[in-house]
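The values are calculated or read from the model by the stated rules, or taken from the named source; none is laboratory data. Just so we're clear, the structure is a prediction, and the values are computed from it rather than from any experiment. Cβ coordinates were reconstructed from backbone atoms using ideal geometry, including for glycine residues, and neighbour counts include every protein chain displayed.
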Amino acid sequence: MRLFIAEKPELAKAIVEGLGGGSRKNGYYECGDDRVTWCFGHMLKLCDPEDYDARYSKWNMADLPISHIPWKKKPAGDKQDQLDIIIGLISQAESIVNAGDPDEEGQLLVDEIIEYANCNAPVKRVLVNDNNTKIVKKALANLRDNSEFAGLSAAAEARSVGDQLYGYNMTRAYTLSAREAGHQGVLSVGRGERGITRPAQEPTKGRGAEGRGMPRVRPEQSAGPGLDGQGATGPQKKTKKKRPEGRSTGAAQPPYARGMDAERPRPGIAGAWFTTARSGEAGRALLLPGKHEMHLRVITSEDHNQPLKGAL
């Protein structure tokens, strides 16, 4: 039996039509000797610090930095039932086809399930970027070895692990330091896609310790690299990148077409303002990058230049 694992139900249905049709079962389609199942985005997530050791449920500066290598994953949210169906089908499959979206995250979210299930069956890759039946059939006729795209999966996983390590450690460190200076609430810190360290979005229920009891947080204008912490902030100016000689100006290609040697933007760290408000109190925090350390200053109406103890 060959098993297709699609990133989402819509793609699974398109693959079924491309295979000539099939009958729907509980959590998958049956198409002759093929089975087509689906994910709901990422079915797994990285374990939280307290999953490794219960003591991490209480924030303590002495425990930082928190780092677990190799890292572990666990079922995400309410996706356990569908994950169990996928893993059950994997155990019966003679071969598997990764049908995640043709990008880094799409590659990872299927690869991580295959790894989580301890599967040793051969894995192929189908690249579908349009659910049109004609295009899907063409993609199904041109399966490739999944190992060709291991770099995409590794890039997505590295970013995910890096974001978690940065977010957990920085959020806890800044919050604990701020509390020593009398600041109430949580200073949520996360990596931004444009090289700007910025707070996470307002939390929702069930997002872990860093998401509970968090004050309302919103990013303000961010200062660019070279910020000395003494001046006012302002929006970053967009600069047009110079195209390297000989590089094509054609339309952007998807990651699998660009290959592993393609240039990618590298996230950096610049200054960033945070505004927090809780119980009528307002404060502003500025993250200042140093060469070997990070500093945080909290600006309040009472003291407009109060450095926090225990700079990072």
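Tell me which residues, restricted to the range 106-128, are surrounded by fewer than 19 Cβ atoms within 10 Å (Cβ to Cβ) and either among the aromatic types (Phe, Trp, Tyr) or touching a Lys or Arg at 6+ places or on another chain (Cβ under 6 Å) (or both).
116
List every residue pair whose Cβ atoms sit under 8 Å apart, with the two residues 6 or more apart in sequence or on different chains, where the first one lies in the range 109-125 and is free of Cβ contacts under 8 Å to residues at least 60 places away in the same chain and among the acidic types (Asp, Glu) and the second, anywhere, is buried (at least 18 other Cβ atoms within 10 Å of the Cβ) and in a strand (DSSP E or B).
Close Cβ pairs satisfying both conditions: 111/98.
Mind checking which residues of the range 154-207 are modelled with pLDDT of 90 or more and of a type in the set (Lys, Arg)?
159, 172, 179
I'd like the full set of residues that are touching a residue at least 60 places away in the same chain (Cβ under 8 Å), under 18 Å from residue 176 (Cβ atoms) and outside any loop (DSSP other than H, G, I, E, B), limited to the range 39-58.
Residues satisfying the conditions are 49, 50, 57.
Take the conditions in contact with an Asp or Glu (Cβ under 6 Å, 6 or more places away or on another chain), under 17 Å from residue 9 (Cβ atoms), of a type in the set (D, E, K, R) and in a loop (DSSP other than H, G, I, E, B) and apply them to residue 130. Does it pass?
no
Which pairs turn up if I take residues in the range 147-164 that are closer than 13 Å to residue 109 by Cβ and look for partners that are among the basic types (Lys, Arg) with beta carbon separation below 6 Å, at least 6 apart in sequence or on another chain?
Note: pairs meeting the criteria are 149/125.
Can you tell me which residue among 12, 99, 62 is at pLDDT 95 or above and in contact with a helix residue (DSSP H, G or I) (Cβ under 7 Å, 6 or more places away or on another chain)?
Answer to the check: 99.
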